[in-house]
Every structure is written in C-alpha cells, then in structure tokens.
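Only one structure is covered here, and it is reproduced in the block below.
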Amino acid sequence: MTNSDPTRPAALPRTAVPAGIVDPVASARAELKAALAAIEIKGNVPRRVEAASQRGILKARVFARRNPLGAAVAVAGVAAVVGGLVWVIARAVSR
C-alpha cells in the first residue's frame, strides 16, 4: 500500500524505528518499543492462527466462487480422507 499524498508521511509499521531520532534516550525508547512490538507479534500464536485461518477461509471462498465443481470435489475428497482416518482409528482401537 503506497501513500498517494506526497505531503503526508507514510505510516511506519509498529516494529520499525523512525529515522532521524538524535536523542539517544528517545532512540533507545523507540528501539525498545519496536522490539517489544515485534516480540508481541511473533509470540502471539492465537492471533497468528486466527489471521491464518481467516486467510484460508477467504481463499476457499474465492476458489469456490471461481470453480464450484472443483470446490465440491475438494470437499468430497476431504470428507473421504477424514472418514478414512476415523475408520482406521476406530478399527485400531477396537482390536
């Protein structure tokens, strides 16, 4: 995403340190803030899983709209695989 307004500075990501800080204390604070934001983003597994699942759902919906027959075949294939796994596990437990 680019900024089309040249008079407005581009927004920095939370994990970036702004350039041009001359005060060493302010620079250290900015670096610490960026490092903590990076740790939070990297370490927050539930948020990352949620984002990945939302991306997957979006991709599946786009695929289903573009190719309904392929989506139906994919659903049937996944159902067959899951059913086969359940059958194998049930058979192994029953023995």
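The values are calculated or read from the model by the stated rules, or taken from the named source; none is laboratory data. Fair warning: this is a prediction, and the values are worked out from it, not measured in the lab. Note that we place each Cβ from the backbone using ideal geometry, even for glycine, and neighbour counts take in every protein chain shown. Surface areas here come from the heavy atoms of the whole protein model, side chains and all, with no ligands, DNA or RNA. Shrake-Rupley method; radii C 1.70, N 1.55, O 1.52, S 1.80 Å.
A compact table of results
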item	result
Some residue of segment 24-32 being in contact (Cβ under 8 Å) with a residue 12 or more places away in the chain and surrounded by 12 or more Cβ atoms within 10 Å (Cβ to Cβ)	yes
Any hit, segment 54-72, residues being touching a helix residue (DSSP H, G or I) at 6+ places or on another chain (Cβ under 9 Å), among the β-branched types (Val, Ile, Thr) and open to solvent by less than 100 Å² (accessible area, probe 1.4 Å)	no
